[in-house]
Amino acid sequence: MKIEKANCVPALTMLDSPIISLNQVSKVYANGTIALQGVDLTVRPMEFVSLIGPSGCGKSTVLRLIAGLGQASSGRIAWGMNASERNLAFVFQDAALMPWANVVDNVYLPLKLQGKSRRTSRAAIQEAIQMVDLEGFETCYPRELSGGMKMRVSIARSLVTQPNILLMDEPFGALDEITRSRLNSDLLSLWGEKHWTVVFVTHNIYEAVYLSNRAVVMAAHPGRIVADIPIDAAYPRTDEFRTSSLFNQYCREVLSYLSPSSPPAIAL
């Protein structure tokens with residue numbers, strides 16, 4: 001993804017009112033499976049919050065509830081901004097591109113669904129393509145793209161609506177480590193430029209620590225939060241941070257809560 005200059009994200013303070021608040025949120029499915037139990041979580045404007053934990057701990061369920069793609073069984077999800085002020089975009093695990101459509105048409109899809117014409121959407125489409133560094137590939141079809149490039153198209157499709165809240169469900173999980181690392185850095189550059197609020201689901205400890213203001217650790221059976229760890233490292237973050245003692249310290253702390261003998265769920 002191409003950015004002329006990565007801006008440092010303004011420091012967040014406890015005076016910032018939460019933009020999203022989950023209060024004692026639980027989710028129980030019809031078969032009795034308790035996906036979430038008593039989840040308390042707040043996300044402030046322009047934070048980058050990662051949800052990390054094993055499969056089945058409810059990370060994606062939290063994300064879908066925030067997106068309005070499901071309803072909590074109990075508890076409350078509150079917004080600190082009016083519905084008219086928030087513009088959510090969701091990036092799924094699978095790029096899920098239309099195989100019969102080229103890059104431009106795939107990126108245009110959300111605007112088309114909003115009833116906007118191709119002509120009036122041209123500038124927004126091109127800007128989104130430029131942001132993910134896919135200039136020159138506008139007429140390519142998914143079968144002609146690598147896995148990393150397909151995910152860039154998926155991200156561009158989310159960015160074309162100019163969101164202020166970005167929800168990402170393991171978008172880089174299927175990519176090789178080199179591509180994943182590069183896209184992590186590109187995502188942070190875009191975040192610093194656009195000042196989104198990001199909630200990011202991952203299984204990867206290193207990814208969570210590298211990207212986040214906070215790493216929220218979840219455990220399964222039932223899905224719950226066991227730790228909320230502030231990552232107190234300056235932005236922009238570089239490859240040097242990935243090899244620093246501070247990075248390793250945070251990775252060990254996150255790992256300690258993911259081990260079978262991890263501490264019980266905390267009260268946030």
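Some points to look at:
- Selected from 167, 199, 31, residue furthest toward positive end of dipole (the chain; charges at beta carbon): 31
- Per-residue packing, averaged as other Cβ atoms within 10 Å, sorts the ranges 206-212, 80-86 into the order 206-212, 80-86, beginning with the highest.
- Highest average first, the peptides 164-170, 233-239, 113-119 ordered by how many other beta carbon atoms sit within 10 Å of their residues are 164-170, 233-239, 113-119.
- Under 13 Å, Cβ to Cβ, from residue 54 - net charge with Lys/Arg +1 and Asp/Glu -1: +1
- Ranked 79, 191, 100, criterion: other C-beta atoms within 10 Å, fewest first: 100, 79, 191
- Within the shell of other residues whose beta carbon sits under 12 angstrom from the beta carbon of residue 70, the net charge comes to +2, with Lys and Arg scored +1 and Asp and Glu -1.
- Entry for Cα extents along the principal axes in Å (calculated from the structure that is shown) out of [x] 53, 45, 37; [y] 60, 38, 33; [z] 46, 42, 35: [x]
- Seen against the Cα atoms of the chain and their longest principal axis, helix 245-258 is set at about 60 degrees.
- Stretched out straight at 0.36 nm per residue, the stretch from residue 234 to residue 76 would grow longer than its current Cα-Cα span by 53.6 nm.
- Cα centre as origin, Lys/Arg/Asp/Glu Cβ charges: the chain dipole, Debye: 680 debye
- Using 0.36 nm per residue and subtracting the Cα-Cα separation, the extra length available between residue 84 and residue 176 on full extension is 29.3 nm.
- Rounded tilt (10° steps) of 118-131 against the dominant C-alpha axis of the chain: 60 degrees
- Each of the peptides 69-77, 19-27 was scored by the mean count of other Cβ atoms within 10 Å over its residues; in descending order, highest first, they stand as 19-27, 69-77.
- Cut-off 11 Å between beta-carbons: net charge of the residues surrounding residue 148, Lys and Arg +1, Asp and Glu -1: +1
Taken together, the values in this text are just the output of simple stated rules run on the coordinates, not laboratory data. What you see is a predicted model; the values in this text were computed from it and never measured. Virtual Cβ from ideal backbone geometry, glycine too; neighbours counted across all protein chains shown.
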